[in-house]
Amino acid sequence: MSAKSIKLFQTVTLLSAILITLAGCGGKPAQPSDNASGNTAPGTAASANLLEQVKKTGKLKVGLMGTYAPYNFLNDKHEVDGFDADVAKEVAKRLGVQAEFITGEFSGLIEGLQKGKYDALVSQVTITDDRKKTMDFSTPYIKNAVNAIVKADNTTIKSIDDFKGKKVGVGLGTNDEKYLRDTVLPKVGSFEIATYNDVITSLTDLNVGRIDATINNVFAIKPLVEKNQFKIKTVGEPIKEDAAGIAIPKNNPEFLDAINKALDDMKSDGTFKSIFQKWFGVDPNI
């Protein structure tokens, strides 16, 4: 064998040895774990039952506006008060925990619920098919009739059919805003929509003539009208009736069942009736 052939043979032998070594160390390629990909199987510790989490912390984090009397507002002691607050406190009590209120503008409540800032929303969240896609609702705990509202001396607007060419105020991100845009605008023709983060500002603007009308429910505006002596009135028949429920993050069946049981028990033993009469002076409408 020539010197050249010997050198070639030695090179091939060395490469073979390296390949054999690599094959022995390689094994099967590593498979990505569920945790590495960010996925966690339902029912594992990382996706713990929300009801268990609430009971473990001893608090039910409740999101609400805090500016929507008589449903939820800050009283003279700067405490969250109102119909929604009383309902939330009683539900929390029956879950064996305390309600912790976190206030915010309505337009941010739903996003906050989805990001885990709140365990539940008890802030007159209207139950709609669109909202059911991203959150779950308890059984309804109140129905609200919505009316068109104008200045007391207004004679040109007698119903929503007269909104064309007018400026109409409504709560930002509310079901009422969606109703104006999706139902009323196509029906009556073009009008300007002004959005608000709270009811008191919209009623103030209506009272001084910055807007021509607004839509809301009588339960909501009554205490504000009386306190501020606004010269406004409802016109026409109720334009729609909404049902509100307690909203929770989607896919928490145990939590939803516990909330529904609390509401059912409150209705059965008269507690809910007492709360309703306290704030509205009439028997429950649902």
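Structure values in brief
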item: Those residues of segment 196-234 which are modelled with pLDDT of 95 or more and aliphatic (A, V, I, L, M), in sequence order; result: Leu203, Leu206, Val208, Ile211, Ala213, Ile215, Ile232
item: Where a residue in segment 159-180 is small (Gly, Ala, Ser) and its partner, wherever it lies, is modelled with pLDDT under 95 and assigned to a helix (DSSP H, G or I), with Cβ under 7 Å and at least six apart; result: Gly171/Phe106; Gly171/Val199; Gly173/Phe106; Gly173/Ser107
item: Criterion (free of Cβ contacts under 8 Å to residues at least 24 places away in the same chain, surrounded by 16 or more Cβ atoms within 10 Å (Cβ to Cβ) and not in a strand (DSSP E or B)) met by exactly one of Lys56, Lys89, Lys77, Lys93; result: Lys89
item: Any hit, segment 184-200, residues being aromatic (Phe, Trp, Tyr) and either farther than 24 Å from Gly281 by Cβ or within 21 Å of the chain's Cα centre (by Cα) (or both); result: yes
item: Positions within segment 253-283 being among the β-branched types (Val, Ile, Thr) and either modelled with pLDDT of 95 or more or within 13 Å of Lys93 (Cβ to Cβ) (or both), in sequence order; result: Ile259, Thr271, Ile275
item: Answer from Ala247, Ala220, Ala262 - the residue that is touching a residue at least 24 places away in the same chain (Cβ under 8 Å) and more than 17 Å from Asn144 (Cβ to Cβ); result: Ala262
item: Unique match (being under 25 Å from Ile246 (Cβ atoms) and touching a Ser or Thr at 6+ places or on another chain (Cβ under 7 Å)) among Phe137, Phe101, Phe106; result: Phe106
item: Considering residues of segment 150-164 that are aliphatic (A, V, I, L, M) and open to solvent by 10 Å² or more (accessible area, probe 1.4 Å) only, the residue farthest from the chain's Cα centre (by Cα); result: Ala152
item: So Glu111, is it free of Cβ contacts under 8 Å to residues at least 12 places away in the same chain, within 23 Å of Leu74 (Cβ to Cβ) and either surrounded by fewer than 18 Cβ atoms within 10 Å (Cβ to Cβ) or not acidic (Asp, Glu) (or both); result: yes
item: Complete set of residues in segment 128-149 that are open to solvent by 40 Å² or more (accessible area, probe 1.4 Å) and either at pLDDT 95 or above or more than 15 Å from Asn217 (Cβ to Cβ) (or both); result: Asp129, Asp130, Lys132, Lys133, Thr134, Thr139, Pro140
item: Verdict on Lys167 being open to solvent by 30 Å² or more (accessible area, probe 1.4 Å) and more than 15 Å from the chain's Cα centre (by Cα); result: yes
item: Residue within segment 34-46 that is on the phi > 0 side of the Ramachandran plot and modelled with pLDDT of 95 or more present; result: no
item: Neighbours by Cβ (under 7 Å, 6+ apart or cross-chain): first from segment 266-282, in contact (Cβ under 8 Å) with a residue 40 or more places away in the chain and within 12 Å of Val87 (Cβ to Cβ); second open to solvent by less than 70 Å² (accessible area, probe 1.4 Å) and not in a helix (DSSP H, G or I); result: Phe272/Pro284; Phe276/Pro284; Trp279/Pro70; Trp279/Gly82
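The values are calculated or read from the model by the stated rules, or taken from the named source; none is laboratory data. Because the structure is a prediction, the values reported are computed rather than measured. Neighbour counts are summed over all protein chains in view; Cβ atoms, including those assigned to glycine, are modelled from backbone coordinates with ideal geometry. The protein model used for the area step is the full one, side chains on, heavy atoms only, and it has no ligands, DNA or RNA in it. Shrake-Rupley method; radii C 1.70, N 1.55, O 1.52, S 1.80 Å.
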